[in-house]
Amino acid sequence: MLALWRGSAFADVDGYEAWEERVNERLAEAIQSGELAPDAATEREVGYTVVTSEPYLLVADGSAIVLSGIEAVGSAQSSPVTLSLAQGRYAVRASIVAWDEEPGGLVLTVYRHRTHCQTSSCSSR
């Protein structure tokens with residue numbers, strides 16, 4: 001599973017035991033509080049999207065927002081993608097994309113899409 005996560009929320013993850021405690025054992029809480037959100041799709045991928053999740057809350061505090069596999073949460077240096085978002089509440093949707101339906105495509109993947117929450121209707125899921 002890929003995830004977008006707030007760097008400051010997982011700054012103290014410095015090894016497997018810390019990852020187990022701060023990420024794995026409290027994954028539902030991290031998603032609920034907006035520290036981490038499963039990832040979603042780009043405009044190009046929308047045409048090949050099989051299913052899209054309901055929005056997940058992602059709370060940005062000005063620190064880096066990182067895209068990585070769930071096993072790398074807390075290790076920003078192991079991610080090739082780091083985003084800068086203004087402080088605020090964002091809705092993140094996860095999508096499964098059927099690349100095998102695109103000419104030349106070979107894989108099924110999960111990718112990203114970000115939408116800014118303007119109202120209290122952005123729920124955490």
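The values are calculated or read from the model by the stated rules, or taken from the named source; none is laboratory data. What you see is a predicted model; the values in this text were computed from it and never measured. Quick reminder, even Gly has a Cβ in these numbers, built from the backbone with ideal geometry, and neighbours come from all protein chains shown.
Below is a table of values for the structure above.
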quantity	calculated
Count of the stretch 78-125 residues which are modelled with pLDDT of 50 or more and part of a loop (DSSP other than H, G, I, E, B)	12
Tabulated pairs, the stretch 45-73, first assigned to a helix (DSSP H, G or I), second of a type in the set (S, T, N, Q), C-beta under 6 angstrom, 6+ apart or interchain	ALA72/SER78
So SER63, is it modelled with pLDDT under 85, closer than 19 Å to VAL23 by Cα and either surrounded by 15 or more Cβ atoms within 10 Å (Cβ to Cβ) or touching a strand residue (DSSP E or B) at 6+ places or on another chain (Cβ under 8 Å) (or both)	no
